[in-house]
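What follows is one structure encoded as structure tokens, with my remarks underneath.
Here, each number is a calculation from the coordinates, and none is a lab measurement. Model, not experiment: these values are computed from the prediction. Every residue, glycine as well, gets a Cβ built from its backbone with ideal geometry; the counts of neighbours run over all protein chains shown.
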Amino acid sequence: MYQNIPSKVLTGEVRLSYEHLSQAYANPNQPGAEPKFSTTMLIPKIDVATKAEIDAAIKYVYEQAVANDWKGARPQLRSQLIYDGDGLRNDGSKFGPECAGHWVITASTKRKPQVVDISNINCELAPQDIYSGMYARVTLNFFSFNSNGNKGVGCGLGNVMKTRDGEPLAGGASAASDFEGIGQSVTAPVAAPATPNYGAAMPTTPGQMNYQNTGTAATPQINPITGMPM
């Protein structure tokens, strides 16, 4: 429960994977699929509080649907919401190594989420500062559905607060790792020799190099849940 809403969850710090937060995305293998904003979240298994909050929200939404929209029916949920990153995908293949020791859950929304930084929650981040591999806290909204007899519980994406940078997933190194230590190890130029009759020349001031981590990651290709191309 978050903000006294039983179906809403604010996660602890998670790692984002296969994010589509700046531009809506539709799976090309699903003709007619509506573009949505989405991200997969890797929740450390040591964060038992977030896992418990998610389980409680799913149970609440399910029971509310049984009592109301589903008219007493208690269907077995066909689609799994949260996966064990140490287990297997639906197709029997293993999750990527970044999922080890984590719970894996994907959320989506038709509405563009706000993505802010923990240092300034009133200003949205530029797209180049949003990437798979960064760490964040995310609000989730769980809901029930009944579509053509298919009843279940879905996970809606709320907003995202970036907490820190991380190694980009799906290829590519961060600028911070490429240039680590360079700014601190710049060698100062040797001072110019003294000029006769005009006094010594002032030494040259070394430039301070300040590299910004843009955190841009390659576009993901495979959904970690289904194992299918995205």
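Worth a mention:
- Unit charges at the beta carbon, dipole of the range 1-136: most positive-side option, Thr50, Ala24, Asn68: Asn68
- Applying the Karplus relation 6.51 cos²θ - 1.76 cosθ + 1.60 with θ = phi - 60° to the range 42-58 yields 3J(HN,Hα) values of 9, 9, x, 5, 6, 7, 5, 5, 5, 4, 5, 5, 5, 4, 5, 5, 4 Hz, where x marks Gly and Pro.
- Local charge for Gly149 was computed over the other residues whose Cβ lies under 13 Å away, with Lys and Arg +1 and Asp and Glu -1, and equals +2.
- Projected label points at Leu10 and Arg111, each 7 Å from Cα along the beta carbon direction, are separated by 1.7 nanometres.
- With 27 Å as the limit, the listed pairs Lys8/Lys71; Lys51/Lys71; Lys45/Lys162; Lys45/Lys71; Lys71/Lys94 have Lys51/Lys71; Lys45/Lys71; Lys71/Lys94 beyond it between alpha carbons.
- Distance distribution note for the range 29-165: the fraction of Cα pairs above 20 angstrom is 55%.
- Counted charge near Ala65, where neighbours are those whose Cβ lies closer than 13 Å (Asp, Glu -1; Lys, Arg +1): +2
- Stokes-Einstein diffusion coefficient of the range 1-105, Kirkwood radius over Cα pairs, 4 °C, 1.567 mPa s, in µm²/s: 82 µm²/s
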